[in-house]
Amino acid sequence: MSFLKYFMFPGARRRYERRQRRHAFRDAENAKQDVIDRQKRLDKEARENWEKARESLKNGEKAAANRALTAARAAQVLAMKLEQKRWVFEQYLTKMEVAQSDNQFAEALGAINKIVRIDPERVEDVFGEAQDLLGEQIDADRFWNKMYESEMQGANGALQDHIPSFEDMEAELERQVAADVGGGAAPASAGKEIDERIAAGQQRVKNLLEGK
């Protein structure tokens with residue numbers, strides 16, 4: 001269908017292109033929501049595996065507890081990686097949304113050009129100066145991109161660093177089970193402490209990605 005737009009009248013072609021842009025951005029928003037939904041499923045999976053590990057250890061099934069604990073941490077690591085990818089995707093989506101304003105400005109200027117007398121030489125001079133400034137801005141953008149890439153190096157590895165280690169999670173699990181079995185004061189909610197630590201790790205990753 002896209003090749004047919006070249007045979008359309010200008011007005012119909014503009015309407016077609018606007019419709020295509022709306023569809024593209026809607027698909028992008030849907031893709032972003034899909035990632036958010038996957039993150040929620042991974043968080044749920046992590047909590048469920050934590051409970052399995054807790055029950056297995058309470059029943060003396062150490063191997064089963066370790067398997068469930070490993071699965072819980074793996075789910076959290078994947079959720080963190082999805083968070084990083086979603087953040088990068090959102091940045092590019094925002095840039096594309098800003099970029100589409102160029103077409104809107106061009107159409108507006110085209111309408112103005114029909115009713116306003118323009119001095120071509122003056123316009124050329126002004127846009128020439130603008131091009132020089134834009135060239136300098138491109139150099140500045142390249143610098144910021146290099147700084148961004150430098151800051152993000154090793155971010156994938158850093159994601160796991162912000163999640164409690166397997167040993168830490170195992171120690172917390174054993175503490176909770178010991179309290180249950182020994183009749184001590186049980187935690188207010190199963191896994192609350194480790195959940196808080198994981199949530200804190202997620203926030204640190206978000207701050208890292210957002211440059212805070």
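We did not get these values from a lab; they are worked out from the coordinates using the rules stated. Just so it is clear, the structure is predicted and the values come from calculations on it, not from any experiment. Note that each Cβ is placed from the backbone with ideal geometry, even for glycine, and that neighbours are counted across all protein chains shown.
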For this session: Please name which of 28, 42, 56 has its Cα lying farthest along the dipole of region 15-68 towards the positive end, using unit charges on Cβ (Lys, Arg +1; Asp, Glu -1) and the Cα centre as origin.
Result: 28
Exercise. GluC sites (Glu not before Pro), restricted to region 32-98: which are DSSP loop and have at most 15 other Cβ atoms within 10 Å?
Worked result: 61
Exercise. What trypsin sites (Lys or Arg not before Pro) in region 61-122 are in a loop by DSSP, with at most 11 other Cβ atoms within 10 Å of the Cβ?
Worked result: 117
Seminar exercise, completed: Taking r as the C-beta separation of residue 112 and residue 16 and R0 as 22 Å, the FRET efficiency to the nearest 0.05 is 0.40
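For the cross-link pairs 44/81; 58/81; 32/52; 40/62; 32/95; 52/85, which exceed 23 Å when the distance is taken from alpha carbon to alpha carbon?
58/81; 32/52; 40/62; 52/85
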Exercise. Efficiency by 1/(1 + (r/R0)^6): what FRET value for residue 64 and residue 93, r their Cβ-Cβ distance, R0 = 41 Å, to the nearest 0.05?
Worked result: 0.45
Problem set entry | Per-pair calculated FRET efficiency, R0 = 35 Å: residue 165 and residue 44 via Cβ, rounded to 0.05 | 0.95
Seminar exercise, completed: When 147, 169, 80 are ranked with the fewest other C-beta atoms within 10 Å first, the list becomes 147, 169, 80
Exercise. So between residue 147 and residue 32, what do we pick up on full extension, going 0.36 nm a residue minus the alpha carbon distance?
Worked result: 38.8 nm
